[in-house]
Amino acid sequence: MTDRNSSYRLTPEEQQRRRRRSIALGLTLGILCILLFAITIAKLGPQVLNRPL
Amino acid sequence: MNTLSNSLTESHAESLDRTGLSQGDVSDFFALLKPRVMFLVVFTALVGMVVSHPDVNPVLAFVSLLMIAVGGGASGCLNMWWDADIDAVMTRTRKRPIPAGKIQPGEALAFGLSLTAGSVLILGLASNWLAAGLLAFTIFFYVVIYSMWLKRSTPQNIVIGGAAGALPPVVAQAAVTGHVAWDSIVLFAIIFMWTPPHFWALALVKSSDYERAGIPMMPNVAGPDSTRFQILAYTVLLAPLGMVPVAMGFGGLAYAIVSLVGGLGMLALAIQVYRLRQGEPAMRVAQQLFGFSILYLFLLFATLLAEHGFGFFHPVLG
């Protein structure tokens, strides 16, 4: 953030919008992680977990 | 961006400059994806998948479908970024997030490019790179060939640009089978041939809107009468084309009935549009054709989905 922001206070509406955007971004990233995990398991097959330790 | 668009976005631009933060809400970003178009993309892509009867992991099929939807959304977002100036002067589009000043053009561009890269990459990982390449081509065709080039330069814009809207079944089939077969090409051809009567019926009703925005739609360039003839010509080709899946064996008895009755309905309305050329009745019948064309395409694809996805298939031939 630059100096232009230091003296500006967000209005309650702006804070609300930022909060909603942050939640949506967080959910999107979470879904992305789940998708990539699901793709990996589906591509490799369940036997990938069955290996000697 | 024209001056009207600039003035509309000025207050939010100032706010963005003060705070360094986006002013858009989640719903505004969602609206950039053109959700209704995205639904059509998902629907036609799903049909492209089920007619292929693929032997594919359902998780991978689901992820592929999701990525085709996101890619469709990315196309819509990049289209809104490029067309913000003309969206601002058309009544149908002036409330979109960019002309309404809720989202800055740069934000939409970054959002659209991120979704494009993400959807193509994940589709490639989940299915194969042929499907990912086709999705990338679809987005490129819609944004660069249609939006940036054809839309403002030729009345054939929606005819050629219609290819982008017709590609989702092809992408979907490539995603679940690894190749492109004739059945998805026929689905492509049906949507491609459906696009001109559908959009030109709307253009007849909204010609003043397109005139104001300076978009060379067929009624504004060739005139309403020539457009009416061309609507009829495309519909004459569309009605039998809609029945080709029956001849190819992947359209069953229900599809044969729906495509026959629907095709005759399209023809009857196209003839009415051609005959009624003056006043309120002419506008009303064009509006009816626009509405019926949506129902027609929906019923064709919904019937294929029911036949192949839910076991309602009864062969007509053989």
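For the reader, a short list of remarks on this structure follows.
- Residues in the range B:99-119 that are crowded, with 20+ Cβ neighbours inside 10 Å and either among the polar types (S, T, N, Q) or touching a Pro at 6+ places or on another chain (Cβ under 6 Å) (or both): B:Ile103, B:Gln104, B:Thr116, B:Ser119.
- Filtering the range B:109-132 for residues that are more than 30 Å from B:Gly223 (Cβ to Cβ), in contact with a Cys (Cβ under 6 Å, 6 or more places away or on another chain) and small (Gly, Ala, Ser) leaves a non-empty set.
- Subset of the range B:282-318 [of a type outside the set (Phe, Trp, Tyr) and touching a Ser or Thr at 6+ places or on another chain (Cβ under 7 Å)]: B:Leu300
- Residue in the range B:198-207 that is at positive phi and either crowded, with 24+ Cβ neighbours inside 10 Å or not in a helix (DSSP H, G or I) (or both) present: no
Quick grid of which residues meet (1) surrounded by fewer than 21 Cβ atoms within 10 Å (Cβ to Cβ); (2) modelled with pLDDT of 95 or more; (3) within 14 Å of chain A (Cβ to nearest Cβ); (4) more than 18 Å from B:Ala69 (Cα to Cα):
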| residue | (1), (2), (3), (4) |
| --- | --- |
| B:Leu121 | yes, yes, yes, no |
| B:Leu130 | yes, yes, no, no |
| B:Leu135 | no, yes, no, no |
| B:Ile139 | no, yes, no, no |
| B:Met148 | yes, yes, no, yes |
| B:Val159 | yes, no, no, yes |
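- Out of B:Phe298, B:Phe250, sole residue that is outside any helix (DSSP H, G or I), under 22 Å from B:Gly165 (Cβ atoms) and touching a residue at least 60 places away in the same chain (Cβ under 8 Å): B:Phe250
- If you go through the range B:77-119 and keep only what is within 14 Å of chain A (Cβ to nearest Cβ) and basic (Lys, Arg), you end up with just B:Lys102.
- If the condition is being farther than 22 Å from B:Gly214 by Cα and touching a residue at least 60 places away in the same chain (Cβ under 8 Å), then the range B:140-164 contributes only B:Ala164.
The values are calculated or read from the model by the stated rules, or taken from the named source; none is laboratory data. Computed from a predicted model, the values in this text were never measured in an experiment. FYI the Cβ positions are ideal-geometry reconstructions off the backbone, even for glycines, and counts take in every protein chain you see.
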